[in-house]
Each structure stands twice: as structure tokens, then as C-alpha cells.
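Down below is the structure, laid out as C-alpha cells.
No value in this document is a laboratory result; all are computed from the given coordinates. Predicted model, so just to flag it, every value in this text is computed and none were measured. Here the Cβ is made from the backbone with ideal geometry for all residues, glycine too, and neighbour counts use every protein chain on show.
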Amino acid sequence: MGTRRNFIKQSSILGLAGVMNPLDTIADISHQENHKAQTKWADGSRLVVSVSMQFEAGGQPDNAESPFPQNMQKGYIDLPAATWYEYGYKEGVPRMLENWAKLGIKVTSHMVGEAVLRNPGLAKEIVERGHEAAAHGMNWSTQYTMPYEEEKKFIKDGVDAIKQVTGFDAAGYNANWLRRGENTLKILQELGFKYHIDDLSRDEPFIIKVNNHDFAVVPYTLRCNDIMLIEGRNFSTDQFFNQVKSEFDQLYAESEYKRRQLSISFHDRIGGTPQMVKNTFDLIRYIQKHKGVSFKRKDEIAELALKDPTTIREK
């Protein structure tokens, strides 16, 4: 209280001396408060958390990359690696679905078309539980090398598989390893998509122009991604917990004056293991204790961004 009195007293003295106008000070403070209000999400959230659940197992080619040494002789199938992928739809996704239900959150599931067709019951359950079905290609083919029409068919086939099995109209897209081609965004816009996630450049959604139409970008992350930290670097689940917690703590501090989004990504065969699910539960419970945090599907984030006039726009 004493500090406040001294500030007012000093401001009054300086104002009388013609050095400072107290009304200008009040205007500056008001401007700062308005700026803070504008940086919040349109629905009033302070920070938004976006959770991805990749549904890929069953759509991978023979001898796809796995934790096993890549020394198989040509002409043979890596049978143990195949069982590692099977774990994704037999145990991983079902366990994660139960975890999301306990936590009361909805996620975005990026679905590979062939995985959906091979496991239709599970794909349908994901949507029936209120989660978003987003497109992730028809299979694991490299899409950035495809000619325009081939790539368009590749993307549409994946979308059609999701629609056929789940009834969901996919509005978002994720290319294999984020490696889209020069034509990908044009194709997505032509097919009716609203957003893509193959961008790491920001910690908040933004808008670009595609075919002269607004198109949302809901940024992805490799920092908070189980395929990079658990599979790729052999992190322990405790390390994963602490790294994502640190990411959240920093973004939450920044969210006081800037729109912030935390992205966390899980893959069916990795994020659905017992130890990862337990750590994920504890992590999200920690995040949920913070005021103003909301969990949203990526289609919801894209919709908010497209309707908000304060969303960043890039050329």
C-alpha cells in the first residue's frame, strides 16, 4: 500500500511540474490491460492444451522402423517388429481412451486410412467417445514426391476411409513425419480442409492464405512428442513428464500476456504403454490444477483462430 501511495504522490508532483500527466499514466496502464485481454483466447482461456493421439498401427509397411536393429536380410519380414505395431491397436489406443475419459478431455486422433480400415471398430470408438478424427494419409507413403493428382488421390482416399468407417468429416491434416509437398496445402484447401499441423514455427495458431482463402495452422511439436523422446532418445517416462511439465510452466507464465498453446503428442504403440499412460495421467492432472487452462481438439482450435480477428496472419 505504501508503494502505491508513493507512486501516486510522485505522479502528482511530476504532473504539477509539467513532467508527467497522471492521466497519461492511467491511460498507459489501461492500454497494457487491454493488450493482455486481447492476447487471451476468444473463449476466455488463458492457455489451451492440444493433445494428439496418432492412430497409425496397421497402416505401416512391412519392416517399418522399430526399436529392433534394422539388420534384417532382404526378402524377410521383421515379425517381432510387426507385433510391436500390433500393440498400438490391441492395447495402446484402448488404454489411452480410458485415460482420456478419466481425465475428462477430448483429443485429436490423426488416423492413417489403412489403419482405420483394418481396425474399424476401434476407429469408430474413438469418434463415438467424442474425439476428433483427423486425416493422416492413406498409408505411410512419402507424399512430398508425389505428382499433384497422385497426392490428391492419396489424401482423399485417407479421408474417405475415415468417413466410411466413422462418419466423421476430417477437417485437419498431418503428413507423414510432417513432410508435406509444395502442392499439399492447395490440395487440402480444395478438398475442404480447415487446417493442417505440419508446422513448428509458433506456440499459438495462426492463419495463412491458401488459394486466396483463410487456412488455419495449428502448430505441432517435436519437443513434447513421445516418438522423439521415448522411442527416439530412450528417455524414461519420468524425463518425459519433467520435460513437458517444464514446457507447460514456461508457456503458462507467458500466457499472462500472450496467447499460448501447449501441444503434446502420443503414438498408439508408445503413448499407450502402461508407464506412459500413468505418467500422462499425473501430468495432465498437474496441468488441470492451473486456472484458465482448457483442453481442446484441434478442429476447435482452428475454428477459434479463424473466427478471431486478433489471430496472427502470415503471408
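In this structure the amide hydrogen of residue 134, modeled in the peptide plane, comes within under 5 Å of the amide hydrogens of 109, 110, 111, none closer than 5 places in sequence on its chain. Taking amide H positions as modeled 1.01 Å from N, with prolines and chain starts lacking one, the residues under 5 Å from residue 262 and 5 or more places away or on another chain are 48, 49, 50. Of all beta bridges that DSSP places with both ends in region 129-249, some 50 percent have antiparallel geometry. Taking 32 Å as the limit for the C-alpha separation, the pairs 194/258; 186/291; 102/209; 152/258; 90/315; 156/209 exceed it in the case of 186/291; 102/209; 152/258; 90/315. Ranking 99, 122, 59 by Cα position along the charge dipole of the chain, where only Lys, Arg, Asp and Glu carry charges on their C-beta atoms, puts 99 farthest toward the positive end. In this Cβ point-charge picture (+1 for Lys and Arg, -1 for Asp and Glu), the chain has a dipole of about 1080 debye about its Cα centre. Restricting the GluC sites (Glu not before Pro) of region 240-315 to loop positions (DSSP other than H, G, I, E, B) with no more than 11 neighbouring Cβ atoms within 10 Å leaves 314. Percent antiparallel among DSSP beta bridges with both residues in the chain, to the nearest 5? In the chain, DSSP labels about 15 percent of beta bridges as antiparallel. Between the helical axis of 93-103 and the longest alpha-carbon principal axis of the chain there is an angle of about 30 degrees. Electrostatic tally near residue 146: other residues with Cβ closer than 14 Å to its Cβ, Lys and Arg +1, Asp and Glu -1, net +1. In order along region 146-156, the phi-based Karplus estimate (6.51 cos²θ - 1.76 cosθ + 1.60, θ = phi - 60°) of 3J(HN,Hα) comes to 6, x, 3, 5, 5, 5, 4, 5, 4, 5, 5 Hz; Gly and Pro are listed as x. Full extension of the chain segment joining residue 257 with residue 223 gains 10.0 nm, where the gain is 0.36 nm per residue of separation less the Cα-Cα distance. When you filter the trypsin sites (Lys or Arg not before Pro) in region 111-216 for DSSP loop state and at most 13 other Cβ atoms inside 10 Å of their Cβ, you are left with 179. To the nearest ten degrees, helix 298-307 and the longest principal axis of the Cα atoms of the chain are 40 degrees apart.
Just want the ordering: 213, 196, from fewest to most Cβ atoms lying within 10 Å of their own Cβ. Display every interim value, and only then the final one.
Working: 213 10, 196 27.
Least to most surrounded, the residues fall as 213, 196.
Here the Karplus curve 6.51 cos²θ - 1.76 cosθ + 1.60, taken at θ = phi - 60°, turns the phi angles of region 118-127 into couplings of 7, 9, x, x, 6, 4, 5, 4, 4, 6 Hz, with x standing for Gly and Pro.
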